[in-house]
Amino acid sequence: MTGKFITLEGMDGAGKSTHIGNIIEMLESRGHEVISTREPGGTPLGEQLREVILHEKMHAETETLLMFAARREHIACVIAPALARGAYVLSDRFTDATYAYQCGAKGVSASKIELLEQWVQADLQPDITLLFDVPVEVSIQRLSTARAPDKFERENAEFFTRIRHAYLQRAIENPVRFRIIDADNPLEIVKKSVEDIILTI
Ligand code: TMP
């Protein structure tokens, strides 16, 4: 018995986290066990690493290695056991974020990330990835009214443009797995797009 691995991705401010509760409800109402988790984080050690990653200045490759260290723990302790017992795992970000942020925005080479991905994940990949896409100006506007920003959220428009481009490129390269959601629409319309996708899973 294997479950399904669903990931949510998008720039900071794209609004993905708003939809988690509704997705959980939809899947649970169909009788599935749902594990809702996030990256970086998802385990006690991963959450400690998250604090360091989000708030300490460091070399982009150090950041990449810490992301994958947290991910190794996350897969071993949470994701793999849940999938093995048939649960649905819903993760707020996963490896596509490393390609978008550390590779796309910060210039870490894709081949180094691929090596770590192969080491840490073997053949584990999400079954479905919901990419919440918004124009950069919208993301920046939303962040300006949000809680105190972490180090990623304080970056400039150019940085966010590179992230958006990298995510859309990942979606083009993985058309079966990715679903792009136009998250610039009013909340009710975005919610309906998410529901339509979840109904097909
Ligand atoms: P969150 O605010 O969506 O929880 O994500 C935390 C931040 O971590 C967000 O700015 C994106 C960043 N991040 C990376 O840079 N690389 C990664 O691999 C992951 C999972 C997150």
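Please work out the FRET efficiency for the pair Ser111 and Ser144, using the Cβ-Cβ distance as r and a Förster radius of 35 Å; give the result to the nearest 0.05.
0.45
Can you give the local net charge around Asp196? Use residues other than it whose beta-carbon is closer than 14 angstrom to its beta-carbon, Lys and Arg +1, Asp and Glu -1.
Charge balance in the 14 Å sphere: 0.
Pop a pseudo-label 7 angstrom from the Cα along the beta-carbon direction at both Thr161 and His32 and give the gap in nm to one decimal.
Result: 3.8 nm between the two label points.
Would you please give the residues with an amide H less than 5 Å from that of Thr129, counting only those at least 5 places away or on a separate chain, with H modeled from the backbone geometry?
Amide H to amide H, under 5 Å and 5 or more residues apart or across chains, Thr129 pairs with Thr7, Phe178, Arg179.
To the nearest 500 deg cm²/dmol, what mean residue ellipticity at 222 nm is calculated for the chain from DSSP H runs of n ≥ 4 alone, each contributing -39,500 (n - 2.57), summed and divided by the residues?
Per the formula, -14500 deg cm²/dmol.
Which ³J(HN,Hα) values in Hz, rounded to whole numbers, follow from the phi angles of region 25-42 under the Karplus curve 6.51 cos²θ - 1.76 cosθ + 1.60, where θ = phi - 60° and Gly and Pro get x?
Per residue, the Karplus-derived 3J(HN,Hα) values read 4, 4, 6, 5, 5, 8, x, 8, 6, 10, 10, 9, 8, 8, 10, x, x, x Hz.
Just the ratio, please: alpha-carbon radius of gyration of region 4-198 over 2.2 N^0.38 Å, N its number of residues.
In units of the globular-protein estimate, region 4-198 measures up at 0.97.
So what's the gap between the Cα centers of region 112-155 and region 1-32, to the nearest angstrom?
15 Å
If you roll a 1.4 Å probe over the chain with all protein chains in place, what percent of the accessible area is carbon or sulfur?
Percent of accessible area from carbon and sulfur atoms in the chain: 55.
First obtain the Kirkwood hydrodynamic radius of region 10-68 from its Cα pairs, then insert it into the Stokes-Einstein equation at 25 °C and 0.890 mPa s, and state the resulting D in µm² per second as a whole number.
Calculated translational D: 181 µm²/s.
Apply the a/c threshold of 1.5 to the C-alpha gyration tensor of region 118-193 and tell me whether it is rounded, prolate or oblate.
Here region 118-193 falls in the oblate category.
Note down the net charge around Val34, summing +1 for each Lys or Arg and -1 for each Asp or Glu among other residues with Cβ under 11 Å from its Cβ.
-1
Using 30 Å as the Cα-Cα cut-off, could you pick out the over-long pairs in Lys151/Lys192; Lys4/Lys151; Lys16/Lys57?
Checking Cα-Cα distances, Lys151/Lys192; Lys4/Lys151 exceed 30 Å.
What accessible area per residue, rounded to a whole number of Å², is obtained for the chain using a probe radius of 1.4 Å?
Per-residue accessible area for the chain comes out at 48 Å².
What does the net charge come to around Pro126 if you take all other residues with beta carbon closer than 13 Å to its beta carbon, with K and R at +1 and D and E at -1?
Cβ neighbours under 13 Å give a net charge of -1.
Nothing charged except the Cβ atoms of Lys and Arg (+1) and of Asp and Glu (-1): what's the magnitude of the dipole of region 1-115 about its Cα centre? Round to the nearest 20 debye.
For this selection, approximately 180 debye.
With +1 on each Lys and Arg Cβ and -1 on each Asp and Glu Cβ, and nothing else charged, work out how big the dipole of region 4-198 is about its Cα centre, in Debye to the nearest 20.
120 debye
At a 10 angstrom cut-off on C-beta neighbours, averaged per residue, how do the peptides 25-32, 47-54 rank from highest to lowest?
So the peptides 25-32, 47-54, ranked by packing, come out 47-54, 25-32.
With an 8 Å Cα cut-off and a minimum separation of 6 or more residues, compute the relative contact order for the chain in percent.
Rounded, it is 33 percent for the chain.
With all pairs of different alpha carbon atoms counted, what Kirkwood hydrodynamic radius in Å does region 1-111 show?
14.7 Å
The values are calculated or read from the model by the stated rules, or taken from the named source; none is laboratory data. If you're wondering where the values come from, they're calculated on a predicted model, not measured in any experiment. Methodologically, a virtual Cβ is constructed for each residue, glycine included, from the backbone with ideal geometry; neighbour enumeration extends over all protein chains shown. Remember, those area values only see protein heavy atoms, side chains included, never the ligands or the DNA or RNA. Shrake-Rupley method; radii C 1.70, N 1.55, O 1.52, S 1.80 Å.
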